[in-house]
Every structure is written in structure tokens, then in C-alpha cells.
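Presented below is the structure to which this report refers.
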Amino acid sequence: MYKSFAILGMGRYGQELANALYNSGADVLIADEDSELINQLSSNATYAVCTDLTEPDNLEDLGLSNMDVVVICMSRHIEASVMCAMFAKEAGVPLVVAKAGSERMGRLLMKVGADKITYVEEESARRAANHLVSDNILEYFDLSDNLCIIDIKPKEEWIGKNVKELRLRDKLGINVIAVKKGSSSFPVDPDAPIERNIELIIAINKNNIKKVL
């Protein structure tokens with residue numbers, strides 16, 4: 001399971017992804033050249049760095065080699081995206097994900113080191129489809145070709161039972177990584193009964209999503 005993430009570029013997509021990961025209990029590094037924005041977002045990240053992401057020396061200082069996943073969220077800045085993808089892969093990051101605004105840019109980023117390309121319009125369509133199919137799924141974020149993080153309402157048959165009792169990982173192939181109540185998120189207590197008014201943040205194989213609809 002991926003535990004440490006670097007989100008490079010704090011546009012709307014980068015902010016939402018970083019916030020969801022941080023609230024799920026992951027270690028999250030965020031970086032952007034906008035100092036005011038970084039200051040605003042620093043409370044929702046493990047590390048927050050203001051830096052020019054087109055400079056190799058600055059990327060070296062970020063310590064990307066210690067990250068499990070690097071997500072590059074600068075689809076409008078091709079130079080910075082290419083530089084970050086190349087550097088992250090050369091640093092040995094296991095999974096490098098890059099946001100692209102077009103198939104042409106996606107192909108370029110794959111050539112220079114990205115393992116996966118995210119097309120925001122396509123992901124938005126998947127998110128919308130999940131919302132339409134089921135009221136249970138509140139948020140959806142891609143992590144890789146087969147893994148995603150979703151924020152769901154607990155199913156009716158889960159209410160009053162605990163995670164250990166339900167054996168969700170064994171039976172459904174899902175990992176509950178945090179519980180959200182109101183605006184606060186907490187590590188999951190496997191012995192605590194699931195309440196009706198909470199949300200569960202889970203990591204799940206995309207092939208298993210239908211099991212929680």
C-alpha cells in the first residue's frame with residue numbers, strides 16, 4: 001500500500017487530491033511556486049514547500065526519492081511537468097502519475113518517465129458516473145491503473161458492526177484507512193461499531209468498486 005505522496009502543483013486538482021490523501025492518514029508533501037497558496041494549504045499537508053518546479057536543484061531538495069508516489073498536477077505547464085516526470089523516475093519513485101491536458105502531452109510525459117497519465121475530464125466523467133450509479137460514493141481519486149481512493153457512506157448492513165467483524169478486506173478486497181465525521185478525519189478503529197452518520201475513506205481495486213455500490 002502506498003503511504004507517502006508528493007503532489008507537485010497546487011491547482012484545484014492538486015489541492016483536492018492532497019487534501020483527500022492527507023485526511024486519509026497518508027504522508028503528503030505539497031509543492032508549488034506560489035508562496036501565498038502554499039501557506040494557505042500547509043495545514044492540510046505533512047510538508048509544504050514553495051519552490052520553482054522547473055529547476056532540477058529544487059526538485060533534488062524535495063527528497064522525491066523517499067516518496068512512494070509522485071503526482072504531477074501542472075498540465076498547463078509542459079516544461080515543469082516534463083522536468084518533474086523525468087526527475088521523479090530517475091530518483092526511483094515507484095509510481096509517477098502526471099496530469100495531462102491532451103493525449104499528445106500524455107504521450108510525451110509517458111516517454112520521459114510517467115507511469116500513468118490522468119486526463120482530468122475523463123476522471124471527472126468516472127467520478128460523475130460513480131455518483132450517478134450509487135449515492136454511497138461521495139469522492140473518487142485515481143491512484144493507478146487498478147487502484148483508487150473513494151469516500152463512501154457505509155452500507156446499511158454495515159451499520160452497528162465493526163471493521164474487524166465485517167472482514168471487509170478479506171471479503172470485498174477493500175482497505176478502510178480512515179473515518180470521516182463532519183469535517184474531521186480519524187484513523188479507523190477496527191473494534192468500533194460503524195455509525196450511520198460517518199464516511200469511510202477506503203483504498204480499493206477498481207474492479208471491486210461494484211461491491212460497495
So if I check each of Ser102, Ser81, Ser75, which one is surrounded by fewer than 15 Cβ atoms within 10 Å (Cβ to Cβ) and among the small types (Gly, Ala, Ser)? Ser102
Please tell me if Leu53 is at pLDDT 90 or above, touching a Leu at 6+ places or on another chain (Cβ under 8 Å) and part of a helix (DSSP H, G or I). no
Hey, Tyr47 hydroxyl-bearing (Ser, Thr, Tyr), in contact (Cβ under 8 Å) with a residue 40 or more places away in the chain and surrounded by fewer than 21 Cβ atoms within 10 Å (Cβ to Cβ) or not: no
Quick test of your reading of the structure: Pro193 fulfils all but one of (1) surrounded by fewer than 19 Cβ atoms within 10 Å (Cβ to Cβ); (2) more than 28 Å from Thr118 (Cα to Cα); (3) in contact with a strand residue (DSSP E or B) (Cβ under 9 Å, 6 or more places away or on another chain); (4) at pLDDT 80 or above. Name the failing condition by number. (3)
Near pairs, Cβ below 6 angstrom, 6+ apart or cross-chain, from region 183-197 (within 9 Å of Lys161 (Cα to Cα)) to any residue that is among the aromatic types (Phe, Trp, Tyr) and assigned to a loop (DSSP other than H, G, I, E, B): none
Being more than 17 Å from the chain's Cα centre (by Cα) and either assigned to a strand (DSSP E or B) or over 26 Å from Asn146 (Cα atoms) (or both) is the filter here; which residues of region 162-176 pass it? Asn162, Glu165
Please indicate, with yes or no, whether at least one residue in region 17-33 is over 20 Å from Ile201 (Cα atoms) and of a type in the set (Asp, Glu). yes
I'd like the full set of residues that are more than 24 Å from Arg12 (Cα to Cα) and part of a loop (DSSP other than H, G, I, E, B), limited to region 64-92. Ala91, Gly92
Would you call Val179 of a type in the set (A, V, I, L, M, F, W, C) and either part of a loop (DSSP other than H, G, I, E, B) or more than 18 Å from Gly25 (Cβ to Cβ) (or both)? no
Pairs, first part of a helix (DSSP H, G or I) in region 22-43, second crowded, with 16+ Cβ neighbours inside 10 Å and among the acidic types (Asp, Glu), C-beta under 7 Å, six or more apart: Ile38/Asp32
Go through Val120, Val112 for me and flag whichever is among the β-branched types (Val, Ile, Thr), modelled with pLDDT under 80, farther than 14 Å from Ala20 by Cβ and surrounded by 14 or more Cβ atoms within 10 Å (Cβ to Cβ). Val120
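The values are calculated or read from the model by the stated rules, or taken from the named source; none is laboratory data. All figures in this text were calculated on a predicted structure; none of them were measured in a lab. Positions of Cβ are generated from backbone atoms using ideal geometry, with glycine treated the same way; all protein chains shown enter the neighbour counts.
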